[in-house]
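Peer 1: Could you have a look at this structure, given as C-alpha cells, before my questions?
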Amino acid sequence: MSKRRTKGDGSVYTRNDGRVVGEWSNANGRKRYMTSTKMSKREMSAAVRKKLQDRDEGITHESENLTVAEYTERWLESTQDIVGLGTYQRSEETARLHIQQRSKALSWLRSWTRLAAITFWQDEYYMLVQSF
C-alpha cells in the first residue's frame, strides 16, 4: 500500500496533453502551479520539493503586487554588485529620470505591475528602434 501524502506537501500529476504539473501552496496559502513538457514526474517532484523548502525557509518571490518603482529599486540593488560602475550609474540614472519622474507626473503609474512595465518598455523600445 502506498504512503499517503500529508496536506501541504504539494502534488505532481500528468495532464491528458502530456504535460507534467506540479502544484503547491505558497506562504500566503495560494495555490501555485508549474507545468513542463520536458520534465519527468520525478524531476517535477524534486522541483516542487525545492519550492516547498524555499517557502519553509522564508524565501518568498513577491512579484505580483510590486509597483514599477519597487521593482526598479529591487532590480537596481540586485545588479549593483554584478555590473560595472558605469553600467550601474547609467541604469540608475535612466530609472531615476524616466521611471520615477514619470511616476510623479502620472499618479496611475505608481500602481503599475511588473507586467504592465515590461509591456510599456517594450513598446518604448520598439518606437525608439523605428525612429532610427
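Peer 1: Given the conditions (1) in a loop (DSSP other than H, G, I, E, B); (2) surrounded by 14 or more Cβ atoms within 10 Å (Cβ to Cβ); (3) among the acidic types (Asp, Glu), report the number of the one that Asp54 does not fulfil.
Peer 2: All conditions are met except number (1).
Peer 1: Related question: Could you grab the pairs with beta carbons closer than 6 Å, sequence gap of 6+ or different chains, first residue in segment 73-92 and more than 18 Å from Trp121 (Cβ to Cβ) and assigned by TED's automatic domain parsing to the domain that holds Ala117, second one aromatic (Phe, Trp, Tyr) and not in a loop (DSSP other than H, G, I, E, B)?
Peer 2: Note: pairs meeting the criteria are Gln80/Tyr88.
The values are calculated or read from the model by the stated rules, or taken from the named source; none is laboratory data. Since the structure is predicted, the reported quantities are computational estimates derived from the model, not experimental observations. Cβ coordinates were reconstructed from backbone atoms using ideal geometry, including for glycine residues, and neighbour counts include every protein chain displayed.
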